[in-house]
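Asker: Sharing a structure here in structure tokens format.
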Amino acid sequence: MTIVSYEPWAFVSRVQRHLDRAPGETQGRSEGADAARVSWIPHVDIREEAERFVVAADVPGVEPKDIEITADKGVLTVKGERRAEKTATVDGNERVERASGTFLRRFTLPESADAEAIKATHVNGVLELSIPKRPQEQPRRIAVQAA
């Protein structure tokens, strides 16, 4: 008699993995070759502070040298790669849940963002982008002079 372990949530996990891949595959058709190779999508928090916007992305296991950040025509692009760990399996048993491969996220920058002064830091697997705001233009009062 063969003993088979029963995993009641295995089907749900497969469906979830399929749904997680779907956005990357959809983007690939409309956003070019980079998006077609997306393997996983990092989770991102975005907040606005008085003087800046902050984007914090969870990228555990990704080296800073493997991350590329660009700002072009009002679009902020964060892409990179998490390399798979090479491990030897014992008795042929292995379970891999952590995604590896390339990732890509794109964000539209607001008009008040200063794309030339964006700063990025990588600490404990969190990539933080600090996007300063430009000073708002104040209306200028023009005096009317008598002729």
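Asker: In which sequence would ARG141, ARG105 go, from the one with the fewest C-beta neighbours within 10 Å to the one with the most?
Answerer: Placing the least packed residue first, the sequence is ARG141, ARG105.
Asker: Give the long-range amide H neighbours of ILE67: residues separated by 5 or more places, or on another chain, with amide H under 5 Å away, using H modelled in the peptide plane at 1.01 Å from N.
Answerer: When sequence neighbours closer than 5 places are left aside, there are no close amide H contacts.
Asker: Further, regarding this structure: Cα-Cα pairs above 22 Å in the stretch 53-147: how many percent?
Answerer: Result: 49 percent of Cα pairs exceed 22 Å.
Asker: Using a cut-off of 12 Å between beta-carbons, work out the net charge of the residues near PRO135 (Lys and Arg +1, Asp and Glu -1, PRO135 not included).
Answerer: Summing Lys and Arg as +1 and Asp and Glu as -1 gives -1.
Asker: A further question follows. Which far-off residues, 5 or more places away or on another chain, put their amide H under 5 Å from the one on LEU109, with H placed in the peptide plane?
Answerer: Result for LEU109 returns VAL75, LEU76.
Asker: Find out how many positive minus negative residues lie around GLY61, taking Lys and Arg as positive, Asp and Glu as negative, among other residues whose Cβ is under 15 Å from that of GLY61.
Answerer: Combined, the nearby Lys, Arg, Asp and Glu give -1.
Readers should treat all values here as calculations from the given coordinates under stated rules, not as data from a laboratory. Just so it is clear, the model here is predicted, and its values are computed rather than measured. Neighbour counts are summed over all protein chains in view; Cβ atoms, including those assigned to glycine, are modelled from backbone coordinates with ideal geometry.
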